[in-house]
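See below for the structure under consideration.
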């Protein structure tokens, strides 16, 4: 961006309710000036600041692929005390909001070329992983990568987001999808239990593989040892600390861990990198 403090003007083209509680919505945005879409050059794993004029702004991971040329998507959970997230959820299609970014680094797509990809996600924090899968499955990119195995879980079936899109992935022959919930209902036919246990049960091969992990902190905490037990080296396990994002440009200092500013040096880190930092997260 020419000025990182000035937001682009974007219009809400579509709003999708993602869960049974209706407190998670995906906002599909288009730029008021189409040329600015080209300026907003991002990769999966990065985030941006969404602003509702008069309410403030909040850092949100980008949920769409950079190959989705005509729009950018963000999936936002409304929190009871969240002024900005509540304001976003009160927005309607055709309303104008602000967008700053992109910020941070991204998943190591160049390092992933020719490798099998294991993707482990949980809850609505699966947003940047969804962006990554959309990128990997794109017809112009799919042949660049090996087998894709996707693990995704939530507390209940009603809390799984992107259900329709994930169903289309599961119907493909070039991606393996494993869904799990902690508390199934009578119609649930897939895995039951926490995500790390399902990863251990399915045991994806670690040879020539990279694992991407993003989800609730407790899920990430136990998924990393599960992957290590399967033979994934720390430098081959990649995670995101996007929950630490604040200003996005390293000015407020609220995202630092030791010598690292997560909004500049991250939010994407390998476990090997994190093991060299103070355990503050």
Boolean, residue 56 is at positive phi and either surrounded by fewer than 21 Cβ atoms within 10 Å (Cβ to Cβ) or touching a strand residue (DSSP E or B) at 6+ places or on another chain (Cβ under 9 Å) (or both): yes
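Would it be correct to say that residue 154 is surrounded by 20 or more Cβ atoms within 10 Å (Cβ to Cβ) and either in the same structural domain as residue 47 (by TED's automatic domain parsing) or farther than 20 Å from residue 66 by Cα (or both)? Don't jump to the end; show me each part of the working.
On the way: surrounded by 20 or more Cβ atoms within 10 Å (Cβ to Cβ): yes; either in the same structural domain as residue 47 (by TED's automatic domain parsing) or farther than 20 Å from residue 66 by Cα (or both): yes.
Taking the combined requirement at face value, the residue satisfies it.
Quick check on segment 152-166. Is at least one of its residues farther than 20 Å from residue 23 by Cβ and in contact with a strand residue (DSSP E or B) (Cβ under 6 Å, 6 or more places away or on another chain)? Explain how you work it out, then say what you get.
Taking segment 152-166 as the starting set, the residues that turn out to be farther than 20 Å from residue 23 by Cβ are none.
No, there is no match, as no residue in segment 152-166 is farther than 20 Å from residue 23 by Cβ and in contact with a strand residue (DSSP E or B) (Cβ under 6 Å, 6 or more places away or on another chain).
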Which of the residues belonging to segment 9-19 are in a strand (DSSP E or B) and under 20 Å from residue 162 (Cα atoms)? 12, 13, 14, 15, 16, 17
In segment 20-49, what count of residues is obtained for those that are surrounded by 14 or more Cβ atoms within 10 Å (Cβ to Cβ) and outside any loop (DSSP other than H, G, I, E, B)? 13
Which numbered condition residue 1 misses (of (1) surrounded by 14 or more Cβ atoms within 10 Å (Cβ to Cβ); (2) modelled with pLDDT of 95 or more; (3) in contact with a strand residue (DSSP E or B) (Cβ under 9 Å, 6 or more places away or on another chain); (4) in a loop (DSSP other than H, G, I, E, B)): (2)
Hits in segment 182-201 - residues which are under 19 Å from the mean Cα position of the chain (by Cα) and closer than 30 Å to residue 28 by Cα: 195
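Let's see how each residue does on (1) outside the structural domain of residue 66 (by TED's automatic domain parsing); (2) closer than 23 Å to residue 237 by Cβ; (3) buried (at least 19 other Cβ atoms within 10 Å of the Cβ); (4) without any contact (Cβ under 8 Å) to a residue 24 or more places away in the chain:
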| site | (1), (2), (3), (4) |
| --- | --- |
| 88 | no, no, yes, no |
| 95 | no, no, no, no |
| 128 | yes, yes, yes, no |
| 146 | yes, yes, no, no |
| 165 | yes, no, no, no |
| 168 | yes, no, no, yes |
| 172 | yes, no, no, no |
| 175 | yes, yes, yes, no |
| 190 | yes, no, no, yes |
Of all residues making up segment 50-73, the number that are closer than 18 Å to residue 15 by Cα, within 15 Å of the chain's Cα centre (by Cα) and part of a strand (DSSP E or B): 5
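The values are calculated or read from the model by the stated rules, or taken from the named source; none is laboratory data. Since the model is a prediction, treat every value here as computed from it, not as a measurement. Virtual Cβ from ideal backbone geometry, glycine too; neighbours counted across all protein chains shown.
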